[in-house]
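Read-outs throughout are calculated quantities, based only on the coordinates presented, and are distinct from any laboratory measurement. The model shown is predicted, which means the values in this text are computed figures rather than measured ones. Methodologically, a virtual Cβ is constructed for each residue, glycine included, from the backbone with ideal geometry; neighbour enumeration extends over all protein chains shown.
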Protein chains: 2
Amino acid sequence: MAGKSAKRLLRALAGDAMPTPPWWLMRQAGRYLPEYRALRARAGSFIEFCLSPALAAEATLQPVRRFGMDAAILFSDILLVAQALGQPLDYTDDGPRLAPLAPESGLRALRRDGIAALAPVYETVRLARAALPAEVALIGFAGAPWTVATYMVEGGASRDYHRVKGWAYRDPGGFAALMNLLVEATVAYLAEQIVAGVDAVQLFDSWAGVLPEAEFVRWVIQPTKEIALRLKRRFPAMPIIGFPRGAGVLYERYAAESGVDALGLDTTVSLAFARDRLQTKLPVQGNLDPVALFVGGRVLEEAVATIRDALGDGAFVFNLGHGVLPQTPPENIAALSRLLAQ
Amino acid sequence: MAGKSAKRLLRALAGDAMPTPPWWLMRQAGRYLPEYRALRARAGSFIEFCLSPALAAEATLQPVRRFGMDAAILFSDILLVAQALGQPLDYTDDGPRLAPLAPESGLRALRRDGIAALAPVYETVRLARAALPAEVALIGFAGAPWTVATYMVEGGASRDYHRVKGWAYRDPGGFAALMNLLVEATVAYLAEQIVAGVDAVQLFDSWAGVLPEAEFVRWVIQPTKEIALRLKRRFPAMPIIGFPRGAGVLYERYAAESGVDALGLDTTVSLAFARDRLQTKLPVQGNLDPVALFVGGRVLEEAVATIRDALGDGAFVFNLGHGVLPQTPPENIAALSRLLAQ
């Protein structure tokens, strides 16, 4: 077990309460940093950038170098898996665009062994791990199957999710075939990241919050449980953080049943609920509003104090409840770093 | 009090448990109906359509005529208030577009008495009420201040709400001036709808689910409470339904503190939570997934049965958890009507 690891993140994920919380920020590598924008200009498409190990490793390291987070997170994107499975992917100003997957023919056309194409990601992990100080953890990640399936079937962000939910409701057996394929791919992908050197992994289920309870259990909790079980068989000590964004009341059921080791909380999770119903089951991570970080100053100070007061006495990793906004002034993150050290 | 009203909706909102639930559907008047599309073609812009009493009243009546819901809902749009206050509004394929309101100058430029421009809406209410059978309730509505402010400040739908939250966090006093103006306008607007003949009103807080708890209390619960209090002073028996979509765990606090008479539940609200923590406080309304209605058949039957099993023994109005999808086959709504009569 992680136990008294030198890595503060791993100690919190193993259940230790710490006097000052370990911290990192979702999307801490990104456009808000001038050095990221300079780096990004050196590659063509966003996908090429993600699949260039030297550049992606440098993007992974930049925020840690500047702000001293307790963890770096692999610079990559959850939809590389969809692309590796054979679905053409493009990034526009409005977000990712894919050719929407047709239920039967689209599923048959996917390349089950496509994950091999993600070898550059594992190289990024090796480069980043080698360059990071020993006490800084490196987090690997993947999109959870429900969220990746949502993008694959809708072809991008969606207002009502009627294609993916329509398929899942109308033909749960057929949809399960896609989900099983994604479970396989996700296990293989995360296993390779672990072999390459990550210290923990996070499953991003960004669209967990659009399903009624029965479907949440079937398409969010069950695939997560399957992934956790299979990774644990091979890597029993590897911490898995689950982030079922927007799950609301269903966070409690996810905490009890999904098999993850820690829980990423979105911004809207009430702190009393988090302390009384979630942190009693698992270490929690979160959940500063990215807008409070963007605004900074006293707003940031008060929001940080409120979260630490509620969650700081238990096993806790400080983070945002959603990704860093591109408009965030970098000095606000420096201020956050000083606040968290107090 | 509503007591033994002939209107089934009002009996449920007054707390009666009914053997078959009264029902209506959010966005029941709309594009999924061929007769709506024919009617819509008779006006120019969507706003002109909303402000043409004969056309808007006919749109209000169409679904009730076809499916026999227990309530009609005024055909209108929550952003007419923003337009009446002086903010130019346009509807595009991507949703509403407004010129984003600048914090100080924009606020000063708003016409506080602009609500008078909404007189055609009250005429729509009179026409629809006169044409509806006595046992069918007519529901009026407005956007809740937080949601209307969100559109006004962001200029449309938003991914991260950084403009409106940024203002609210950075300058809560200034933002409160906008919110107070919206509370005033909403009270005036709903009072006129009530005088014109609606039997109940619903406050749509579509973006309630993007705020941390303290801000949810201040910008969602408090303005709702103020509106409810002021309407109740003048119309003590008028039922007010609150719909804080996406509020998650915070639904419980909203139920206890907002002063509304009934609670609209979104699709993701767990039925056990709704029954044990919400329906014990207030009548509830909801929460069929619009995608289950779109899919129809056994999926619809099972989803309806699950909801009625959980909530049907208490005070309950059957509805969707979000609006009818434009792709919904009308025959699925006929099937729903038959299911609910059993």
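Among A:Asp77, B:Asp90, A:Asp266, what is the fewest-to-most ranking by other Cβ atoms within 10 Å? Could you put the intermediate results ahead of the total?
On the way: A:Asp77 20, B:Asp90 14, A:Asp266 25.
Exposure proxy ranking, most exposed first: B:Asp90, A:Asp77, A:Asp266.
Among B:319-328, A:269-278, what's the highest-first ranking by average C-beta atoms within 10 angstrom per residue? Display every interim value, and only then the final one.
On the way: B:319-328: 21.4, A:269-278: 19.7.
Highest mean packing first, the order is B:319-328, A:269-278.
Can you give the angle from 0 to 90° between the axis of helix A:119-131 and the longest principal axis of chain A, with both taken from C-alpha atoms, to the nearest 10?
In chain A, helix A:119-131 runs at an angle near 10 degrees to the longest axis.
State the percent of C-alpha pairs, over all pairs in the protein assembly as shown, separated by a distance greater than 51 angstrom. Before the final figure, lay out the partial values.
Values: 26884 of 233586 pairs.
Everything past 51 Å amounts to 12 percent.
Kindly give the distances from B:Ala256 to its copy-mates, label point to label point, with each label point 7 Å from Cα along Cα→Cβ, as nm values to one decimal ordered shortest first.
2.0
What does the helix-only formula give at 222 nm for chain B: each DSSP H stretch with n ≥ 4 adding -39500 (n - 2.57), the total divided by the residues, and the result rounded to the nearest 500 deg cm²/dmol?
Numbers: 16 runs with 157 residues, N = 342.
Counting only the DSSP helices, I get -13500 deg cm²/dmol.
Loop-only check: which trypsin sites (Lys or Arg not before Pro) in the stretch A:1-36 are DSSP coil with at most 11 other Cβ within 10 angstrom? List each step's numbers first, then the result.
Values: sites: A:Lys4, A:Lys7, A:Arg8, A:Arg11, A:Arg27, A:Arg31; in loops: A:Lys4, A:Lys7, A:Arg27, A:Arg31.
Of the trypsin sites (Lys or Arg not before Pro), the ones in loops of the stretch A:1-36 whose Cβ has at most 11 other Cβ atoms within 10 Å are A:Lys4.
Considering only lysines 8 or more places apart in sequence, or on different chains, count the pairs in the protein assembly as shown whose C-alpha atoms sit under 22 Å apart.
Lysine pairs, 8 or more places apart or on different chains, close enough: 12.
Output the peptides A:156-163, B:129-136 sorted from most to least packed, where packing is the average of other Cβ atoms within 10 Å over each peptide's residues. Please report the intermediate quantities before stating the final value.
On the way: A:156-163: 17.2, B:129-136: 15.0.
Highest mean packing first, the order is A:156-163, B:129-136.
With the cut-off at 1.5 for a/c, could you classify the stretch B:192-281 from its C-alpha gyration tensor as rounded, prolate or oblate? Could you put the intermediate results ahead of the total?
On the way: a/c = 1.98, a/b = 1.54, b/c = 1.29.
Cα axes put the stretch B:192-281 in the prolate bin.
Report, to the nearest 10°, how far helix B:145-154 tilts away from the longest principal axis of the Cα atoms in chain B, using its own Cα long axis and a range of 0 to 90°.
With rounding to tens, the tilt is 60 degrees.
Specify the inter-centroid distance of the stretch B:147-162 and the stretch A:219-247, based on alpha-carbon positions, in whole Å.
34
Can you list, largest first and rounded to whole Å, the semi-axes you get for chain B by taking the square root of 5 times each eigenvalue of its Cα gyration tensor?
Working: eigenvalues 172, 109, 76 Å².
Output for chain B: semi-axes of 29, 23, 20 Å.
For A:Glu301, A:Glu123, A:Glu213, what's the fewest-to-most ordering of other Cβ within 10 Å of each Cβ? Intermediate values should be presented prior to the final figure.
Numbers: A:Glu301 14, A:Glu123 17, A:Glu213 21.
Lowest count first: A:Glu301, A:Glu123, A:Glu213.
Would you mind giving the mean number of other chain beta-carbons within 10 Å of the Cβ of each residue in B:285-296, as a whole number? Walk me through the numbers before you get to the answer.
Values: counts 0, 0, 1, 1, 9, 4, 15, 6, 0, 6, 8, 2.
That average works out to 4.
Among B:Pro96, B:Pro53, B:Pro239, whose mean-square fluctuation peaks in a Gaussian network model of chain B (Cα, cutoff 10 Å)?
It is B:Pro96.
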